[in-house]
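Read the structure below first, then the notes.
The values are calculated or read from the model by the stated rules, or taken from the named source; none is laboratory data. Note that the structure is a prediction, hence the values are computed from the model and not measured. FYI the Cβ positions are ideal-geometry reconstructions off the backbone, even for glycines, and counts take in every protein chain you see. Please note that ligands, DNA and RNA were not included when accessible areas were found on the heavy atoms of the full protein model with its side chains. Shrake-Rupley method; radii C 1.70, N 1.55, O 1.52, S 1.80 Å.
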Amino acid sequence: MHKTSKKCVGLIVCIGVLLFLHHVWCPGSSSEVDIRPRQGGTIKELLDGKIRDITGSYNDITYHIKEDVACRLAQNTCVCLADKETFKLPFSNLLNPHVWANNFDVAFLESHPDPEGVKRHRAQEYSSFQSRSFSPADLLIVAEANSPLQYPTQGVEVRPLKTIIIPGLGLKEETKSSHTVSLTAKLGTFDVAATVDSVSVKGDGEMHMILSSPLLSALNRQLQFVTYRNTVFHPKTADTVEFATKGHQSFFTIKVGHGTIPRLYNSGYQREYNISALVTIATKTFLRYDKLKDLIDSIRQYYPTVTIVIADDNEHPQPVTGPHIEHYIMPFGKGWFAGRNLAVSQVTTKYVLWADDDFIFTANTKLEKMVDILEKTTLDLVGGAVREVTGYTTTYLHTISVEEGGEEGDCLHIRNGYHHVVKGFPNCVVADAVINFFMVRTDKVQQVGFNPRLARSAHLEFFIDALGSLHIGSCSDIIINHASKIHLPWGQTDDQKAYKKFRYSSSSANGNIINEIFYFKNRFKCMTSP
Ligand SMILES: *[C@@H]1O[C@H](CO)[C@@H](O)[C@H](O)[C@H]1NC(C)=O
């Protein structure tokens, strides 16, 4: 071996040992970081103060309130009002249903042994929810007039503990003997990726950095190289940066966080929609094996290889077998939403179709149409129509809205109807809740989930949880049949009688769980609904 190459090897070994030691000594930063939820703090006070100053001006000039517009603004004092009882023509309820109001605070607290304790506990949980879900990116920031500062108002993002160049910083002012700007952050430090002659940089590598120069152009050149490095780890938050010069202050946010990791489904190349590769049919059964068998037989007529997932909480489960069938047996009586939850948790296709165990597929149950609208629009969930034995078809469309109600809780309003028709799909509309025959993106429905405490009749509760996270539609031309619902008592089998008894008994206990969920979990004080 040559002497030089020996030296080289020695050097490499040395560096290797140093890197190894470095790795052993510094597995990350050993400094402690306070990760208790924080809510604004000093920066919020500063911003609030500035907004007070801005809105406080022109106090001496009078104004006239426009009632019809002002009354539409949120007041933080919502109420739930039932429709007044008026004389009704027969069937008028079908056309224009009566709206009733329900006060959860009364209904739930009345039956509770310690109402004050529950109220306090709810307030505590809510306050901790607010601080956990707070993001500095939600703070109100107003850009002041005539500011010489140029900065990005949105769209700056950095991965946790990584470094970026802050784009768009600049100073536009009259030439003077010296030009100075400063930058201040809370969760990171500033530096410059390059230096520019005749610019002085103070505080580089710190949370507060000052740049100054006698030459405005040199300072602006230097501002193009300003970097921000996130130093406090958080998977998703934001830092509010203050950018200032003498007499002027501006604020902007840098989003800090990991990107969203996609969850893509590899459904294979397809020229036409391959339903078996794209969709799983999920259902929940209880005491209705005859109905379930009819459902499976009807599915197989049209979709012989689609996977069917069945959640079953019968006391004495019977085998349900066949190709492409997954039968999950649950503890007895776990209930409706627990079953839905279990069924959708096992789905591996891109979409899952929910159908009740007493539905029947027909030639009108075209799952391709549901896939098509989900593929071509931003909808996450699309409902169809259910045809009763009477021939009457329903889509069960609802809109849901929540009004702010201050300390007592918010108001939930449910109405029949929809928001608008979907362009390009004349039979489809956008709504907030649809019937219990729907197709949904699997990852989305898994995120929302079904509250397993809702054991008996429950449906709208899922759509209330989904409000604001699922984009929901409904198409009236995708139709499934409902096996006969109206039975004469002497025509019922023992199983049917037991099913009715189980489903409709203990409804007052179920009612109190619903009151509790609305009052405590969703923090509503009341609701109005048709
Ligand atoms: C459709 O998908 C299923 C399941 O992935 C697969 O077995 C079948 O071969 C596919 N059919 C076509 C026509 O691609």
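Based on a Kirkwood Rh over C-alpha pairs, give the Stokes-Einstein translational diffusion coefficient of the range 275-528 at 20 °C and viscosity 1.002 mPa s in µm²/s. Could the numbers behind the result be given before it?
Numbers: Rh = 18.9 Å.
In µm²/s, the coefficient rounds to 113.
Between the listed residues Gly322, Leu278, Ile517, the Cα displaced farthest toward the positive end of the dipole of the range 275-528, a dipole computed from Cβ unit charges relative to the Cα centre, is found at Gly322. Taking every DSSP beta bridge that has both ends in the chain, the antiparallel portion is near 70%. Within the straight-line cut-off of under 14 Å between alpha carbons, the aspartates and glutamates reachable from Lys525 are Asp105, Glu110, Glu403, Glu404, Glu407, Glu408, Asp410, Glu516, sequence neighbours fewer than 8 places apart in one chain being disregarded.
Geometric descriptor of the range 200-316, per residue, is 253 Å³ (volume of the convex hull of the Cα atoms).
For the chain, a simple Cβ point-charge model (Lys and Arg +1, Asp and Glu -1, everything else neutral) yields a dipole of about 1380 debye relative to the Cα centre. A convex hull fitted to the Cα coordinates of the range 318-419 yields 213 cubic angstrom per residue. For the residue pairs Lys66/Lys521; Lys162/Lys521; Lys66/Lys255; Lys50/Lys172; Lys50/Lys162; Lys186/Lys246, the alpha carbons lie more than 29 Å apart in Lys66/Lys521; Lys162/Lys521; Lys66/Lys255; Lys50/Lys162. Residue pairs exceeding 30 angstrom between C-alpha atoms, taken from Lys291/Lys376; Lys44/Lys119; Lys293/Lys334: Lys291/Lys376.
Each peptide in 396-408, 116-128, 184-196 was scored by the mean count of other Cβ atoms within 10 Å over its residues; highest first, the order is 184-196, 396-408, 116-128. Projecting the Cα atoms of Pro304, Val386, Gly335 onto the charge dipole of the range 275-528 (Cβ charges, centred on the Cα centre) puts Pro304 farthest toward the positive pole.
Expressed as a whole percent, the accessible area of the range 198-312 that falls on carbon and sulfur atoms is 54 (1.4 Å probe).
Here the gap between Ile141 and Glu375, fully extended at 0.36 nm per residue and compared with their Cα-Cα distance, gives a gain of 80.5 nm. Restricting the calculation to Cα atoms, the chain shows an Rg/Rh of 1.08 when the hydrodynamic-style radius is the Kirkwood one.
The orientation-averaged projected area of the convex hull spanned by the Cα atoms of the range 237-291 comes to 10.0 nm².
Only helices enter the 222 nm calculation for the chain: every DSSP H run of n ≥ 4 contributes -39,500 (n - 2.57), and dividing by all residues gives -8500 deg cm²/dmol, rounded to 500. Peptides 283-292, 206-215 ordered by packing proxy, namely the average of other Cβ atoms within 10 Å per residue, highest first: 283-292, 206-215.
Each Lys and Arg adds +1 at its Cβ and each Asp and Glu adds -1 at its Cβ; summed about the Cα centre, the range 275-528 shows a dipole of about 280 debye.
Secondary structure note: in the range 275-528, about 50% of the DSSP beta bridges are antiparallel. Of Thr240, Leu397, Ala466, which is farthest towards the positive pole of the chain's charge dipole, taken about the Cα centre with +1 and -1 on the beta-carbons of Lys, Arg and Asp, Glu respectively? Value computed over the given set: Thr240.
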